[in-house]
There are 2 protein chains.
Amino acid sequence: MTAALRAEVLARFPGARADDDALARARTDRSGTPGSADPLAVVRAGSVDEVRAVLAWAHEQRVPVVPRGAGTGLAGGAVADGALVLDVSGMRRIVHVDPVEEVAVVEPGVLTADLDAAAAEHGLMYAPDPASAAISTIGGNIATNAGGMRCVKHGVTRDAVLGLEVVLADGRLLRTGRATAKGVVGYDLTALLVGSEGTLGVVVGATLRLRPRPHVGGTVLATYPDVETAARACSRVGAARLRPSLLELIDAATLAAVADHTGTTALASAGAAVVAQTDGADAPTAAAELTRIVEVLRDGADTLEQDDDPARADELLTARRLALPAVEARGHALIEDICVPRARLAEAVRGIERIAAETGVPIYTFAHAGDGNLHPIVSWPRDAGASGAQRPAAVDDAAGRIFELAVALGGTLSGEHGVGTLKRAYLGLELDADALAVQRAVKAALDPRGILNPGKAI
Amino acid sequence: MTAALRAEVLARFPGARADDDALARARTDRSGTPGSADPLAVVRAGSVDEVRAVLAWAHEQRVPVVPRGAGTGLAGGAVADGALVLDVSGMRRIVHVDPVEEVAVVEPGVLTADLDAAAAEHGLMYAPDPASAAISTIGGNIATNAGGMRCVKHGVTRDAVLGLEVVLADGRLLRTGRATAKGVVGYDLTALLVGSEGTLGVVVGATLRLRPRPHVGGTVLATYPDVETAARACSRVGAARLRPSLLELIDAATLAAVADHTGTTALASAGAAVVAQTDGADAPTAAAELTRIVEVLRDGADTLEQDDDPARADELLTARRLALPAVEARGHALIEDICVPRARLAEAVRGIERIAAETGVPIYTFAHAGDGNLHPIVSWPRDAGASGAQRPAAVDDAAGRIFELAVALGGTLSGEHGVGTLKRAYLGLELDADALAVQRAVKAALDPRGILNPGKAI
């Protein structure tokens, strides 16, 4: 059956491949979660018409389809599980950037950082900046409603998407949204599709809002004796109604890992660190806001370093940027993504430390503190198995407890990575039966045969 | 049949009324569009449980229900047409304002201006500011995804809604969204419901995002010989990457009406006027941005007045604030709401002038220029009939041509008022058959019996 179907796909679609290499690559994503079976095949689509043809055929044949961009997702959303993989990463044209309307029209395979660079030529920026911006695609960012560090001030992907071109499960082409700054005609299908993780349609084009590119003010890095003091400092920034363009918190375990990784000792013994940056319509404004943030962060700090030179703005961010590489140098990493009310940040970090102690699994936490969005990285040794398939049970136990903690603190399972396959078993913690029923009714309305990314997101 | 049903409603629900006064008031809304028949009855609900009971009964009996707040809608969205009117304007508690998380939890009948005032006590603001803020409710604002003047910088209602409590057509209570700054679990039903004009559910509670209340910088009012020069000045503000907190354009016809209405002659003969205001994290920043906007607006201006005193910030806005009252003093007014790409603003104003000339109907236009969102006010004499029922055919003809113009310029039928009943016949101009089919599939998924606000929005 699979062999016959596979042969049909290869014969029918010019961009189709089913060699071992293509199948192995498409079987998993950056989460490391292995699919239960090789994909049926991988079709690299080069045009909207090719995407439509693949979906029309798959709908007709009731073949499950997994849309895929760069495969950098962290929740298993692109894991194939025997499905036909529809790879749109080759559709990577920036169709145009309109500096007057402050919009860009792009294909889904455009890398996020490339779009931001194109916007910068016009004094604009594409605001969402997931850590993966250099390797992840706009289509994938839309599928997961990606966030990033500067979204604390400038918004997440949903805030940047004005309209979409989406191929529906049966191959119809749906245009949503608009090219204007505002619009309220019809239901907001654009927002419904953003974050739907490929379960409602395949994004083949997007009209994106750009924003004036602000001037960077400067950066401040402060260390504190403990996470409570650091979190209180972050809370005071908000209470003073200041708006840093990023506000990050790094816990002691992560600081120690970064110190190991870089061979520096400066932050090795700190209880926690906070990094903030400002931006503004002009450099003096941004610099003035940094000064006020520095005043607020100084209270309770053990050390505080400040750099007002925009050219060196990222130097004080090094510890934050190296957090994940440093943790990954120690072993396998399961990257989690809970979000809690801002005031519960310290409780969340302490709760995660408790979970690490109880399960015996090392967990490293850094957070977009301004959003209450924590990334606890659950770690296990490489010799426990080369791939995520051999993830020890204690790691999943720890992850499950982290989800329970998030919900107990009034938060959510995922701030910006999505549910994918990894968190699906925990959806019931956050969504009650009626909410799940409505989600599934919407899914059935758009994809009645359930062929789009089955087993993901909802 | 109606009499028996009405008697049942009156017997069953304590908040039910069917006296002539209650029925007449609920038959129309601020648009003046009369319903085709008196409402079945009006139930003033005082609690979530009452809303659930009404909808469960109506679903069972297949009785159409029109949700209603303050009845200030401009598109006929609350017109009753024989339906049961479910009035939630009495549910008006601000449940709490949390200054740390910067959120408010409110009931749907809270007046928008009251929420903003409550936020101000904590140095926060509720950003969306429809012109009706003093008389319209949050529930109605959510139903239409209301905008306003300051949304050019601070976002529309959708951007301010973090989560909703919604009673579904069958009486189930759906909780959407979250209390955290970010979250991507499940489809974004919150955004789907915002702007759905009461056709998918009845909003009974909302968690709203507040923002730091900015300092006002000052205001500038400039006049120009013609609308093209004025629109170019507005475009230059955007091109300079400046971000006024409001940027409004007023056409010559409106300026003449305001001059008549107020007995002042200052602006009577101007070709067009532009008003801008700035705000910022502190007063000097906001004042500095005003200075730069003044420089940009000065080029081509006939006159320019500037006031840097925040206490008098609204004085130069008088002409804009009085625009609608001045036009309404001349006759009946059909308030339209198209949105076009910013660069097409002058073309839109000229196109509307042409439509006025061709149809012989006076049309007055003012615009949220920074968003490309125009409000053409189509006017007809009071002696043509006391109510909108006798609206001359030429008025509807003019409105239809305005919609065609908007779409021809790459724009939309409605920037912030919604579709309601008034624009429903024109939906096909903007949404193709596939888009309409998807909208209706979503509607059927949430309201399979079609009882919620039938004949509206989609």
Can you list the lysines whose alpha carbon sits under 19 Å from that of B:Lys423, skipping same-chain ones fewer than 8 residues off?
-> A:Lys182, B:Lys443, B:Lys456
Position B:Asp396, label points 7 Å along Cα→Cβ, spacing to each other copy in nm (shortest first, one decimal) | 6.3
Where B meets A: accessible area buried, both sides, 1.4 Å probe, Å² = 6300 Å²
Determine the residues within the range B:326-366 where the difference in accessible area between the chain on its own and the full set of protein chains amounts to at least 50 Å²; count protein heavy atoms only and use a 1.4 Å probe.
-> B:Arg342
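Carbon and sulfur atoms: what percent of the 1.4 Å accessible area of the range B:1-122 do they account for? Show your work: numbers first, answer last.
Working: 2590 of 5160 Å².
Carbon with sulfur: 50 percent of the solvent-accessible area.
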For the range B:204-300, give the percent of accessible area contributed by carbon and sulfur heavy atoms, probe 1.4 Å, rounded to a whole number.
-> 54 percent
Along Cα→Cβ, 7 Å out, is where each label goes; now give me the distance between the ones at A:His96 and A:Asp19 in nm to one decimal.
-> 3.9 nm
Kindly tabulate the residues in the range A:162-177 with an accessible-area decrease of at least 50 Å² between the chain alone and the assembly of all protein chains, using a probe of 1.4 Å.
-> A:Arg172
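On average, how much area does the Cα convex hull of the protein assembly as shown cover when viewed from any direction, in nm²? Present the calculation step by step, with values, prior to reporting the outcome.
Numbers: hull surface 147.1 nm².
Averaged projected area of the protein assembly as shown's Cα convex hull equals 36.8 nm².
Which FRET efficiency, nearest 0.05, do A:Ala408 and A:Arg298 yield, Cβ-Cβ r, R0 30 Å? Don't skip to the answer; put the middle values down first.
Working: r = 33 Å, r/R0 = 1.10.
Step by step, r from the Cβ atoms, then E = 0.35.
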Amide H contacts under 5 Å for B:Gly205, placed H, 5+ residues apart = B:Glu165
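Magnitude of the Cβ-charge dipole of chain A, K/R +1 and D/E -1, about the Cα centre, nearest 20 debye?
Working: 45 positive and 57 negative charges, 203 e Å.
Here the size comes out at about 980 debye.
Between A:Ala239 and A:Ser36, what is 0.36 nm times their sequence separation minus the Cα-Cα distance? Round to one decimal in nm. Working shown, then result.
Numbers: separation 203, 0.36 × 203 = 73.08 nm, distance 4.82 nm.
Full-extension gain reported as 68.3 nm.
Counting helices only, and only those DSSP H runs with n ≥ 4, report the 222 nm mean residue ellipticity of chain B as the sum of -39,500 (n - 2.57) divided by its residues, in deg cm²/dmol to the nearest 500. Kindly include the intermediate steps, with their values, before the conclusion.
Values: 17 runs with 161 residues, N = 458.
One gets -10000 deg cm²/dmol as the mean residue ellipticity at 222 nm.
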Amide H proximity to B:Arg30 below 5 Å, modelled H, separation 5+ or other chain, gives B:Thr72, B:Gly73
For residues of A:432-441, the mean tally of beta carbons on other chains within 10 Å | 5
Calculated from backbone phi, Karplus (6.51, -1.76, 1.60) coupling profile of the range A:311-326 in Hz, x at Gly/Pro = 5, 9, 4, 8, 4, 6, 8, 3, 4, 5, 5, 8, 4, 5, x, 5
Computed label-point distance, nm, for sites B:Glu8 and A:Ala266 using a 7 Å Cα→Cβ extension = 7.5 nm
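How big is the dipole moment of the protein assembly as shown about its Cα centre under a simple scheme where the beta carbon of each Lys and Arg is +1, that of each Asp and Glu is -1, and everything else is neutral? Debye, nearest 20, please.
Details: 90 positive and 114 negative charges, 342 e Å.
For the protein assembly as shown, the charge dipole is close to 1640 debye.
Taking the Cα centre as origin and putting +1 on Lys and Arg beta-carbons and -1 on Asp and Glu beta-carbons, what dipole magnitude results for the range B:331-418, to the nearest 20 debye?
On the way: 7 positive and 11 negative charges, 24 e Å.
Here the size comes out at about 120 debye.
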How much area per residue is accessible in the protein assembly as shown when the probe is 1.4 Å and only protein heavy atoms are counted (Å²)?
-> 35 Å²
Selected from A:Gly271, A:Pro130, A:Gly90, residue furthest toward positive end of dipole (chain A; charges at beta carbon) | A:Gly90
How large is ³J(HN,Hα), in whole Hz, for each residue of the range B:121-131 in order, when computed from phi with the Karplus curve 6.51 cos²θ - 1.76 cosθ + 1.60 and θ = phi - 60°, using x for Gly and Pro?
-> 4, 10, x, 10, 9, 9, 5, x, 9, x, 4
In whole Å, what is the distance between the alpha-carbon centres of the range B:343-361 and the range B:1-44?
-> 40 Å
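The values are calculated or read from the model by the stated rules, or taken from the named source; none is laboratory data. Note that the structure is a prediction, hence the values are computed from the model and not measured. In this analysis, Cβ positions are derived from the backbone assuming ideal geometry, glycine residues included, and neighbour counts consider all displayed protein chains. These area figures cover heavy atoms from the full protein model, side chains too; ligands, DNA and RNA do not enter into them. Shrake-Rupley method; radii C 1.70, N 1.55, O 1.52, S 1.80 Å.
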